[in-house]
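Everything below concerns the one structure shown next.
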Amino acid sequence: MTAKAARVLVAVPAFNEAVTIAEVVTRVRRSLPGFDLLVINDGSTDRTQEILDDLGVETAHHLCNLGYGRAIQTAIKYAAHHRYDVLITLDADGQHAPEQVLALFHEFQASGHHCLVGSRFVEGRDYGAAPFDRKLGMLLFSWLTWIFAGKRIYDTTSGLKAIRAAVFEPLARWHFVDFHAEAIVYLSRLGFKVGEFPITVAERRAGVSMYSPFKALVYPLKTALMVLLAVAHARYSRPGAA
Amino acid sequence: MTALGGVVLILAAALVGGWILDLIRRGRLYVGYGIVLLALIVMVVGVAVVPFARDLAHALLDRLFPAEPVAVVGLAALLLLFIYLLHQLSVLSDRVATLTQELAIRRAPPKRDGEASGLPEDQDPRE
């Protein structure tokens, strides 16, 4: 049987990740030799771009910092523009092991999901030793997906996702906060299949989390509101809707 | 505030709240601004309809800023202007972001057409 080649793009959004980006790129290249790699440099002000140039990595460079959600959207637009079949997003802080991506990819291809989320919590079905505020937020988002997507997604904030070309257009068309719970609900309401695949993540070694104390307060409100609006917007966006 | 005044305020708040939600849904108002505006509206309505909060606000505002009732119209106009400005700012910000993304995509080295860079669907590269 002649296998049809699936063109796969691994996209790594990076903002001031000079400490970890070289290792992440090296590990992706070593673990995923058949996949293309794109780093979205989201207006880094440290040596990230210089390192990427030295490594000869294909880079989409934002002239200013647009935020994580926009960086993911750039990756989706790039993948759509270059007609990739699958987009895999991966964090640049070194928390995701590129070595696990292959297992996720094979499950993705076999299961026919339109979006498969690499999940830290789907296996244990609890949030373990996560700090209380994080645990609360993750529970809220998980319940929101349960209520509005009809399926509980345990790790909505995971940056490791495999996305099929069929959903590039709806994801590039609407605006999302960070492509987390609101994107999962939106895709599910449009009738696309979203699932989770168990992964493990390492501790962050450098850089700062994108959730500062202020953001940690506002982010759940923004995401919860966007989840509700995603439900409404999906009604307008369905094929054949007015 | 009269009972009729309360009803008018709630209706106006619902109308403006609906407008804000629709702007956010259509990507014409940044969701962060929307949260602030909605919180402001909920707070104002809350103060206006809860008798204790209303009396307290009355006492404080009357002492600090004794104003004509018609000032409410001015405040309402300011709120609408504020929403409109944030809406325009969001539109502008969205356009800048889209331009930045397009520029980033176009400046990234192009892929060679027809290049089979991916894996066969049933083949593991480690094999």
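The values are calculated or read from the model by the stated rules, or taken from the named source; none is laboratory data. Here the structure is a predicted model, which means the values were calculated and not measured. Cβ: placed from backbone, ideal geometry, glycine included. Neighbour counts: every protein chain shown. Please note that ligands, DNA and RNA were not included when accessible areas were found on the heavy atoms of the full protein model with its side chains. Shrake-Rupley method; radii C 1.70, N 1.55, O 1.52, S 1.80 Å.
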* Asked: Could you list, in sequence order, the residues of the range B:10-44 that are farther than 17 Å from B:Val91 by Cα and more than 13 Å from chain A (Cβ to nearest Cβ)?
  -> B:Ile10, B:Leu11, B:Ala12, B:Ala13, B:Ala14, B:Leu15, B:Val16, B:Leu40, B:Ile41, B:Met43, B:Val44
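Being more than 29 Å from A:Phe179 (Cα to Cα) and open to solvent by 70 Å² or more (accessible area, probe 1.4 Å) narrows it down to one residue among B:Ala12, B:Ala3; which is it? Spell out the reasoning first.
Working: B:Ala12 fails: open to solvent by 70 Å² or more (accessible area, probe 1.4 Å).
Answer to the check: B:Ala3.
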* Asked: Are there any pairs, at least 6 apart or on different chains, whose C-beta atoms fall under 7 Å, with the first in the range A:91-106 and closer than 13 Å to A:Glu23 by Cα and the second part of a helix (DSSP H, G or I), and if so, which?
  -> A:Ala92/A:Ile21; A:Ala92/A:Val24; A:Gly94/A:Glu23; A:Gly94/A:Val24; A:Pro98/A:Arg27; A:Pro98/A:Val28; A:Pro98/A:Ser31; A:Glu99/A:Ser31
* Evaluate the following for B:Asp122: is it more than 8 Å from chain A (Cβ to nearest Cβ), at pLDDT below 95, open to solvent by 30 Å² or more (accessible area, probe 1.4 Å) and not in a helix (DSSP H, G or I)? => no
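Mind counting the residues in the range A:1-14 that are touching a residue at least 60 places away in the same chain (Cβ under 8 Å) and either in a loop (DSSP other than H, G, I, E, B) or open to solvent by 40 Å² or more (accessible area, probe 1.4 Å) (or both)? Give the derivation first.
Quick first cut of the range A:1-14, residues touching a residue at least 60 places away in the same chain (Cβ under 8 Å) only: A:6-14.
Still in the list and also either in a loop (DSSP other than H, G, I, E, B) or open to solvent by 40 Å² or more (accessible area, probe 1.4 Å) (or both): A:7.
Here the count works out to 1.
Per-residue answers, yes or no, for (1) open to solvent by 90 Å² or more (accessible area, probe 1.4 Å); (2) modelled with pLDDT under 90; (3) out of contact with any Ser or Thr (no Cβ under 9 Å at 6 or more places or on another chain); (4) in a helix (DSSP H, G or I):
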site	(1), (2), (3), (4)
B:Arg54	no, yes, yes, yes
B:Ala59	no, yes, yes, yes
B:Asp62	yes, yes, yes, yes
B:Gly74	no, yes, yes, yes
B:Leu80	no, no, yes, yes
B:Leu86	no, no, yes, yes
B:Thr100	no, no, no, yes
B:Arg106	yes, no, yes, yes
B:Pro110	yes, yes, yes, no
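Among the helices (runs of 4 or more DSSP H) lying completely within the range A:168-242, list those that include at least 3 residues that are within 10 Å of chain B (Cβ to nearest Cβ) and at pLDDT below 95.
Working: elements: A:168-173, A:181-189, A:213-237.
In the range A:168-242, the matching helices (runs of 4 or more DSSP H) lie at A:213-237.
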* Is there a residue being surrounded by fewer than 16 Cβ atoms within 10 Å (Cβ to Cβ) and more than 27 Å from A:Thr200 (Cβ to Cβ) anywhere in the range A:99-115? -> no
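Given the residues A:Phe141, A:Phe179, which is the only one that is crowded, with 21+ Cβ neighbours inside 10 Å, over 19 Å from A:Asp93 (Cβ atoms) and touching a residue at least 24 places away in the same chain (Cβ under 8 Å)? Steps first, answer last, please.
On the way: A:Phe179 fails: over 19 Å from A:Asp93 (Cβ atoms).
Sole residue among the options that is crowded, with 21+ Cβ neighbours inside 10 Å, over 19 Å from A:Asp93 (Cβ atoms) and touching a residue at least 24 places away in the same chain (Cβ under 8 Å): A:Phe141.
Restricting the range A:116-138 to residues that are open to solvent by 10 Å² or more (accessible area, probe 1.4 Å) and outside any loop (DSSP other than H, G, I, E, B), which is farthest from A:Ala183 (Cα to Cα)?
Quick first cut of the range A:116-138, residues open to solvent by 10 Å² or more (accessible area, probe 1.4 Å) only: A:120-138.
Subset that is outside any loop (DSSP other than H, G, I, E, B): A:132-138.
Numbers: A:Phe132: 24, A:Asp133: 22, A:Arg134: 19, A:Lys135: 20, A:Leu136: 20, A:Gly137: 16, A:Met138: 15 Å.
Among them, the one singled out is A:Phe132.
Does A:Glu17 satisfy the condition of being of a type outside the set (A, V, I, L, M), assigned to a loop (DSSP other than H, G, I, E, B) and either open to solvent by less than 20 Å² (accessible area, probe 1.4 Å) or more than 9 Å from chain B (Cβ to nearest Cβ) (or both)? Write out each step before concluding.
Numbers: of a type outside the set (A, V, I, L, M): yes; assigned to a loop (DSSP other than H, G, I, E, B): yes; either open to solvent by less than 20 Å² (accessible area, probe 1.4 Å) or more than 9 Å from chain B (Cβ to nearest Cβ) (or both): yes.
Judged against the criteria, A:Glu17 is a match.
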* Give the number of residues within the range A:69-98 that are surrounded by fewer than 22 Cβ atoms within 10 Å (Cβ to Cβ) and touching a strand residue (DSSP E or B) at 6+ places or on another chain (Cβ under 7 Å). => 2
* Structure fact -> Residue hits (the range B:17-51; in a loop (DSSP other than H, G, I, E, B) and among the basic types (Lys, Arg)) are B:Arg26, B:Arg28
* Failed item in (1) more than 30 Å from A:Arg235 (Cβ to Cβ); (2) part of a helix (DSSP H, G or I), with B:Pro66 passing the rest -> (2)
